[in-house]
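Here the structure comes first, spelled out in structure tokens, and everything after it is commentary.
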Amino acid sequence: HLILNRDGTKGLFKKDNTDDIDEISFSTPFDPSTATTVRSKTHDGDQRGGICAFGSNLDKLLYSSGGKSGSNVYEYSLNDTFDLSELTLDETHTMPQDTSWGNWFSENGNKWYSADLSDNKFYQFNLSTPFDLSSVDSTDSMSDGVSDSSSAIVTGENGDVLYTFHHSPHDILRYDLTDPYDITTATNGQNFGEKFNQDVGQYIHAPPWY
């Protein structure tokens, strides 16, 4: 699980089935072959969930439990953009679904998306305060009929495209959203998983506003 900053020079890498998060730098932007590890941090408590950076300077981090510790999502403050030199736990959020896997915000922060591997659903949490998981106003969900739901990303120029990812059989599905940022309005599903001839991991993260 790799997320990048806007210019492709820094990233955070979450190793699967470990508690480690690596801070990565790229000598050539967006080129993984030029990546070096700056430092690593171990999160004590969970090992399988996804990470999500947010904030005006990308100096906030969400770390979801991925089932090891139920539905907890941990919110941290960073010293600077993708800087793990100081990682401060601000709050622990307990979400209503059983297992919080890959997670992501809408562009304006009014919605937060997650996945429940246990019931194969993708969840949309409507927030009364942007980027604040303690302000959940209502919750919606959708299922695309594929097992092992692990991540959902809303992207497109106007938030009108949804990608869903599945841990097994590694399917990636693309949908059009008739109502921007609302996953319950997904239509025209297309499966792109067969285009990958390898285990492509558990999470995808690259909306244009990131």
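The values are calculated or read from the model by the stated rules, or taken from the named source; none is laboratory data. Just so it is clear, the structure is predicted and the values come from calculations on it, not from any experiment. In this analysis, Cβ positions are derived from the backbone assuming ideal geometry, glycine residues included, and neighbour counts consider all displayed protein chains. These area figures cover heavy atoms from the full protein model, side chains too; ligands, DNA and RNA do not enter into them. Shrake-Rupley method; radii C 1.70, N 1.55, O 1.52, S 1.80 Å.
To the nearest 10 square angstrom, how much accessible area does LEU61 have with a 1.4 angstrom probe?
The accessible area of LEU61 comes to roughly 0 Å².
Pulled fully out, how much extra length does the chain show between THR34 and SER138, if you take 0.36 nm times their separation in residues and subtract their Cα-Cα distance? Walk me through the numbers before you get to the answer.
Details: separation 104, 0.36 × 104 = 37.44 nm, distance 4.31 nm.
So the extension gain works out to 33.1 nm.
How would you rank 2-8, 106-112, highest first, on the average number of other Cβ atoms within 10 Å across their residues?
Descending packing order for the listed peptides: 106-112, 2-8.
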